[in-house]
Amino acid sequence: MQGLEDLYREIILDHYKNPRNSGTLESPPALKNEGYNPLCGDEVTIYVNWDGDKIADIKMAGQGCSISRSSASLMTISVKGKSLEEARGVIKTFKSLLSLADDHETVEIQTNEDLRALGELAALQGVVKFPVRIKCATLAWNTFSQILDEIDATI
Amino acid sequence: MGTLPEMPNLNELSFDPKVIKKDFPIFSQNRDKPLVFLDSGASSQRPTSVLDAMDDYYRTTHANVHRGVYALAEEATNRYEAARLKIGNFIGAPNPSKEIVFSKNSTESLNLIANSLGHGYLHAGDKVVLTKMEHHANHVPWIMLASYLGIKLEFIDHDEQGRLILDNLDQTLDGAKVVSLTLASNVLGTITPFSQIAQVAHSYGAIVVGDASQYVPHMPLNVKELGADLVAFTGHKMLGPTGVGVLWGNLKTLESMPPFLGGGDMIADVRLESYTPNELPYKFEAGTPPIAEVIGLGAAVDYLNNLGMQNIANHDRAIMKIALEKINDRFGDTIKIYGPKDYKERSGCISFSFENVHPHDISQILDLHGVCVRAGHHCAKPLMRELGVAATARASFHIYNDEDDVDALVEALAEAQRYFS
Ligand SMILES: Cc1ncc(COP(=O)(O)O)c(C=O)c1O
């Protein structure tokens, strides 16, 4: 069906059906933040174990559609093991992918190489064509971003 | 509340939805696919006659109402007040010129009620009874009152089919000062035994409030028989424009209530440090009202009357029956349908979910087929929580929907299910 493949890439369906890093971490010590999409009732909880230098572990729980669940799953993979700085970089790249970054923050994604470097995250690019779904895609990321702010405040 | 036939049949209806569609310009716009609009529960479409009434008013008659002494202002006032009478007569109001109050929507009508009753009538510790299936519009205003006034909220429960449980009704309603509930659930489709509850509530001296937002668009309503003291509904779900809602109240109750918003039109006199409220209904209509929208709603009522609300109710039943049958036949156990199983106990909408397909994804795939349904929590989060879901998909119907729309829904749902299996 025309249009559908753009949104529901195979990677997205795979992460929806088999979400990675799904579950919870004991909190405390894990940092925990809940996010809601008041429009549709989707909920996500992100758990992060911060070891002082990097994201030692990350888990996500909650309810949501294929876009919000797969986006959360892809996010956990792409930020696990990353430093604060690196994780922020991933968020910027993700926002650029969805054309959501402020001008000065936009990371250029022009060549196929740029896209390849993004890895599986690039599968979310199709969401741009479905503006109502952008909120689904960003829910976990915004929730995670607030945890980074919390970490930032302690170091 | 009228009686409805046992087995209506779409082919035996007094009007043909296909012909009706021609009165609604939205269905004749150029699109890749024909529009299958199944979200009238959120907001219906409107016929040309409603658009024309508003357009004509703006082109020929606009001036502020109840103010100028010139002829134009008088004509605007006349049209506005004529719509009030029409809308009042539509719901059987005994004194339409005084008992019909215009607001922005159901939400504002219900906030008016909660606020006004919260100033003088309700006090800390008083009991207000709701159901667990209220729209946020008839729930949050009471929670707000509870938080600043200290009233207590109690809830009439429902069974697993979404039918209110009346076993402990006396116990629940004993001592209640307000009982406020929906006539028809916007999620479950349940038609509630409103009049029966109102009667018991009155025996305990409660003020009874009805949220008729989902009822008025589909079924004949007569407030003389309903047993409510106050009723709220909203223009845009009943073929009228957005921006206008209605509060009906019996004279005794409305007269006992203090104003909600203050400003122009709602006063009889103002001194530096005091005011005298205007008479009914103006005491509740502060500021310039939605004049064109009220006139548009009057035209919507004409349109509904012309078809006949009993005929509209027959259509509602017929389409509900066919939709339930076809969905059940096609999807059996793989679909979960919320609310009463018997089509005769429901109205307007069908909420459902598939085990492996999230409502958002359902509605996305349906959209690619030109089928519009609502996905989400339907402004009833406590109910969603109880159902154990974050969201459901909801198909809702109105007079322009026919069997083809149901077939399009079923086909698109099958595609969604295939896609995610
Ligand atoms: C049962 C019920 N009550 C109240 C409302 C609120 O209507 P409005 O948004 O027009 O104020 C709705 C609309 O969704 C509803 O379905």
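Consider residue B:113 against the criteria (1) under 26 Å from residue B:185 (Cα atoms); (2) more than 18 Å from the chain's Cα centre (by Cα); (3) crowded, with 20+ Cβ neighbours inside 10 Å: it satisfies all of them except one. Which criterion is unmet?
Among (1) under 26 Å from residue B:185 (Cα atoms); (2) more than 18 Å from the chain's Cα centre (by Cα); (3) crowded, with 20+ Cβ neighbours inside 10 Å, the lone unmet condition for residue B:113 is (2).
If you scan segment B:310-329, which residues turn out to be crowded, with 17+ Cβ neighbours inside 10 Å and either touching a helix residue (DSSP H, G or I) at 6+ places or on another chain (Cβ under 8 Å) or among the basic types (Lys, Arg) (or both)?
Answer for segment B:310-329, where residues must be crowded, with 17+ Cβ neighbours inside 10 Å and either touching a helix residue (DSSP H, G or I) at 6+ places or on another chain (Cβ under 8 Å) or among the basic types (Lys, Arg) (or both): B:312, B:315, B:317, B:318, B:319, B:320, B:321, B:322, B:323, B:324, B:327.
For the list (1) surrounded by fewer than 16 Cβ atoms within 10 Å (Cβ to Cβ); (2) within 15 Å of the ligand (Cβ to nearest atom), I need the number of the one condition that residue B:137 fails.
Looking at each condition in turn, residue B:137 falls short on (1).
Starting from residues that are more than 9 Å from chain A (Cβ to nearest Cβ) and under 24 Å from the mean Cα position of the chain (by Cα), keep the ones in segment B:364-377 and report whichever is surrounded by the fewest Cβ atoms within 10 Å (Cβ to Cβ).
Among residues in segment B:364-377 that are more than 9 Å from chain A (Cβ to nearest Cβ) and under 24 Å from the mean Cα position of the chain (by Cα), the one surrounded by the fewest Cβ atoms within 10 Å (Cβ to Cβ) is B:372.
One line per residue, one yes/no per condition, for (1) surrounded by fewer than 23 Cβ atoms within 10 Å (Cβ to Cβ); (2) within 13 Å of chain B (Cβ to nearest Cβ):
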| site | (1), (2) |
| --- | --- |
| A:10 | yes, yes |
| A:16 | no, yes |
| A:42 | no, yes |
| A:65 | no, yes |
| A:68 | no, yes |
| A:75 | no, no |
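So which helices (runs of 4 or more DSSP H) are wholly in segment B:65-155 and hold at least 1 residues that are in contact with a helix residue (DSSP H, G or I) (Cβ under 6 Å, 6 or more places away or on another chain) and free of Cβ contacts under 8 Å to residues at least 24 places away in the same chain?
Values: elements: B:71-90, B:96-99, B:106-117, B:140-149.
By residue number, B:71-90, B:96-99.
Of all residues in segment B:197-242, which are among the polar types (S, T, N, Q) and within 16 Å of the ligand (Cβ to nearest atom)?
First, pick out the residues of segment B:197-242 that are among the polar types (S, T, N, Q): B:199, B:203, B:213-214, B:222, B:234, B:242.
Correct list: B:213, B:214, B:234, B:242.
Quick test of your reading of the structure: residue B:289 fulfils all but one of (1) buried (at least 20 other Cβ atoms within 10 Å of the Cβ); (2) over 17 Å from the mean Cα position of the chain (by Cα); (3) assigned to a helix (DSSP H, G or I). Name the failing condition by number.
(3)
For every residue, the table says whether it meets (1) without any contact (Cβ under 8 Å) to a residue 40 or more places away in the chain; (2) within 22 Å of the chain's Cα centre (by Cα); (3) more than 26 Å from residue B:353 (Cα to Cα).
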residue: B:170; (1), (2), (3): yes, no, yes
residue: B:174; (1), (2), (3): yes, no, yes
residue: B:182; (1), (2), (3): no, yes, no
residue: B:197; (1), (2), (3): no, yes, yes
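Have a look at B:260, B:194 and point out the one that is within 16 Å of the ligand (Cβ to nearest atom), more than 16 Å from residue B:99 (Cα to Cα) and among the hydrophobic types (A, V, I, L, M, F, W, C).
Numbers: B:260 fails: more than 16 Å from residue B:99 (Cα to Cα).
The match here is B:194.
Where a number appears in this text, it was derived from the coordinates with a stated rule and is not lab data. The structure presented is a predicted model; accordingly, all values stated were derived computationally and were not measured. Cβ: placed from backbone, ideal geometry, glycine included. Neighbour counts: every protein chain shown.
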